[in-house]
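Peer 1: Below you'll find the structure I mean.
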Amino acid sequence: MPPLAVITMVYNERDRLPYWLAHYRRQVGLDHCYVVDHGSDDRSTADLGGANRILLPRSPQDNERRTRFISQTAAALLLYYRRVAYVDADELLVADPAKYENLSAYATKMRALSVTSVGLEIVQTADEAPLSLTQGVGAQRSSAIFSSSMCKTNMIGRRVNWAPGWHAHNGEPRFEDLYLFHLRHADLDQALGRLSITRAMPWVSEHAGKHQRVDDEWMRNVMRFFGNRPMASGGLIGQESPLAEDMAAFIRDSKAPVDQRQPYSVPLARYGAVRIMIDAALREALSETPVPFKSSAETPIVALSE
């Protein structure tokens, strides 16, 4: 039985999907990646270089429905894989490189039936240029901040009930050598471009997805705030990591539901007070060079064959 399948769900992710495919090609192999395409019309999923494409008709964005679909898909894949991970197109999951060669090796050794990743926002500082597709993220960004919203229990070995956004599941959160790097705030130009898409697309209700329909100035302010955080001493990995207190608070403030079939209540939108240097080994794990999006209708869009 293969150790790990990785799932994402996308709509017009021309900026971030090249990074996602390059990263998980190295981590698990594209034949074990499943891209659920919710009606993209920018051809960004026309050629996934060997990843599996599940094509859905476009409909208004409904995060409750989306979560149920992925929960059932993950449960089905567990019939054929030891573990399954779900990550958004702007999320790069890494196991501690000092202990594991890649995510497949981690899944092989993993004993728990669900593991929570340490959530991190990669930030763009004032002196860092826009991301280039000529290099991986790890070569272009040097720091991150803790994000409780990114502490997702996204690698599982049993059927789970996830909360929308995959922020919690019907089990106690458990940190164990997994790090989730979120790219939403890693590049201002890409962040604004994504907002223009999510603001324009239909949503199931006027209240759904508010954080994905903010205005451009809101995003600029958030990214300046993150990028101006003071720098801590030490890195992300190790007993002296500045993350330790944030992780302990996340566990402490997570609450079990009355009905054990329902997800835990976990603290969201808590951010670290300091920026933390991304360790060299983690930067190397984030170094895969993406293949640029190709807009021509006559050529493949993402060609990742060796």
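The values are calculated or read from the model by the stated rules, or taken from the named source; none is laboratory data. Quick caveat, the model's predicted, so the values are computed rather than measured. All Cβ positions, glycine included, derive from the backbone under ideal geometry; neighbour counts span all protein chains shown. Just so you know, the surface numbers come from the protein's heavy atoms only, side chains and all, with ligands and any DNA or RNA stripped out. Shrake-Rupley method; radii C 1.70, N 1.55, O 1.52, S 1.80 Å.
Peer 1: Kindly indicate which of Glu206, Glu245 is more than 28 Å from Pro60 (Cβ to Cβ), free of Cβ contacts under 8 Å to residues at least 24 places away in the same chain, among the acidic types (Asp, Glu) and open to solvent by 50 Å² or more (accessible area, probe 1.4 Å).
Peer 2: Checking each option against the conditions leaves just Glu245.
Peer 1: Which one of these does Glu245 not meet: (1) part of a loop (DSSP other than H, G, I, E, B); (2) acidic (Asp, Glu); (3) out of contact with any Gly (no Cβ under 6 Å at 6 or more places or on another chain)?
Peer 2: That leaves (1) as the condition not met.
Peer 1: Here is a further query. Need a quick list: strands (runs of 3 or more DSSP E) entirely within region 1-86 having at least 1 residues that are free of Cβ contacts under 8 Å to residues at least 60 places away in the same chain and buried (at least 23 other Cβ atoms within 10 Å of the Cβ).
Peer 2: The qualifying strands (runs of 3 or more DSSP E) are 33-38.
Peer 1: Considering region 214-229 alone, what residues qualify as being of a type outside the set (Lys, Arg) and either in contact with a Lys or Arg (Cβ under 7 Å, 6 or more places away or on another chain) or part of a helix (DSSP H, G or I) (or both)?
Peer 2: At the first step, the residues of region 214-229 found to be of a type outside the set (Lys, Arg) are 214-219, 221-223, 225-228.
The answer is Asp216, Glu217, Trp218, Met219, Asn221, Val222, Met223, Phe225, Phe226, Gly227.
Peer 1: In addition: Looking at Gly138, Gly119, which is the one that is at pLDDT 95 or above, part of a helix (DSSP H, G or I) and in contact with a helix residue (DSSP H, G or I) (Cβ under 7 Å, 6 or more places away or on another chain)?
Peer 2: After ruling out the rest, the residue left standing is Gly138.
Peer 1: Sticking with this structure for a sec: Please go through (1) open to solvent by less than 50 Å² (accessible area, probe 1.4 Å); (2) in contact with an Asp or Glu (Cβ under 8 Å, 6 or more places away or on another chain) for Asp253 and return the number of the only condition it doesn't satisfy.
Peer 2: That leaves (2) as the condition not met.
Peer 1: In region 258-267, what residues are exposed (fewer than 14 other Cβ atoms within 10 Å of the Cβ) and touching a residue at least 12 places away in the same chain (Cβ under 8 Å)?
Peer 2: Gln260, Arg261 - these are the residues of region 258-267 that are exposed (fewer than 14 other Cβ atoms within 10 Å of the Cβ) and touching a residue at least 12 places away in the same chain (Cβ under 8 Å).
Peer 1: Answer yes if at least one residue in region 141-163 is modelled with pLDDT of 95 or more, over 23 Å from Met247 (Cβ atoms), open to solvent by 10 Å² or more (accessible area, probe 1.4 Å) and under 18 Å from the mean Cα position of the chain (by Cα), and no otherwise.
Peer 2: No - not one qualifying residue is present in region 141-163.
Peer 1: How about region 268-281: which of its residues are open to solvent by less than 70 Å² (accessible area, probe 1.4 Å) and assigned to a loop (DSSP other than H, G, I, E, B)?
Peer 2: Keep residues of region 268-281 that are open to solvent by less than 70 Å² (accessible area, probe 1.4 Å), which gives 269, 272, 274-276, 278-279, 281.
The answer is Ala269, Gly272, Val274, Ile278, Asp279.
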